[in-house]
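A quick write-up on the structure given underneath.
The values are calculated or read from the model by the stated rules, or taken from the named source; none is laboratory data. All values reported here derive from a predicted model rather than from experimental measurement. Positions of Cβ are backbone-derived with ideal geometry, glycine not excepted, and every protein chain shown enters the neighbour counts.
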Amino acid sequence: MTAIPDRPEALPKHVVLIPDGNGRWAKQRGIPVLEGHRRGAQAVQAFLTVCREWRIPVATVWAFSTENWKRDSVEVKGIMQLVEAYLRRNRSGFARWRTITTCWKQRRSQIKESSAI
């Protein structure tokens with residue numbers, strides 16, 4: 001468990017994570033781009049764990065922008081598979097949260113229904 005700050009009342013009520021650079025990070029290290037996205041997904045999990053432990057009521061992850069659809073189709077498919085696997089794997093754990101909302105702003109038709117919570 002991550003230590004809760006001395007003044008929990010001073011914590012924000014809403015925090016946002018915008019992952020960026022996972023592919024660049026992987027390329028710089030000579031590893032596959034999708035491995036960079038997998039590592040980024042692990043960082044998202046760590047972020048959400050801290051938010052839950054610190055009782056931050058709202059955490060938003062901006063996981064995929066409209067610009068991301070322009071990437072190589074193999075990379076897009078890999079990212080979508082990561083999202084789907086994460087949602088499936090953690091579905092039962094979401095019950096601990098008061099509210100979980102997924103928001104698909106663009107191209108909802110391209111997201112598998114099985115990924116929706």
Reported set for region 38-56 where residues are touching a residue at least 40 places away in the same chain (Cβ under 8 Å) and either closer than 16 Å to Arg24 by Cα or out of contact with any helix residue (DSSP H, G or I) (no Cβ under 9 Å at 6 or more places or on another chain) (or both) is Arg38, Ala41, Thr49, Val50, Glu53
Take Pro19 and decide whether it is modelled with pLDDT of 85 or more, surrounded by 11 or more Cβ atoms within 10 Å (Cβ to Cβ) and within 30 Å of Asp6 (Cβ to Cβ).
yes
Of all residues being within 20 Å of Leu48 (Cβ to Cβ) and of a type in the set (Ser, Thr, Tyr) in region 59-117, which is modelled with the lowest pLDDT? Just the residue, please.
Ser115
Kindly provide the set of residues from region 7-36 that are among the charged types (D, E, K, R) and over 16 Å from Lys77 (Cβ atoms), ordered by number.
Arg7, Glu9, Lys13, Asp20, Arg24, Lys27, Arg29
Tally time: how many residues in region 25-81 are under 21 Å from Ala3 (Cα atoms), of a type in the set (Gly, Ala, Ser) and surrounded by fewer than 15 Cβ atoms within 10 Å (Cβ to Cβ)?
2
Considering only residues of region 1-15 that are aliphatic (A, V, I, L, M) and surrounded by 11 or more Cβ atoms within 10 Å (Cβ to Cβ), which is modelled with the lowest pLDDT?
Ile4
Being in a helix (DSSP H, G or I), in contact (Cβ under 8 Å) with a residue 40 or more places away in the chain and acidic (Asp, Glu) is true for just one of Glu35, Glu67, Glu75, Glu9. Which residue is that?
Glu75
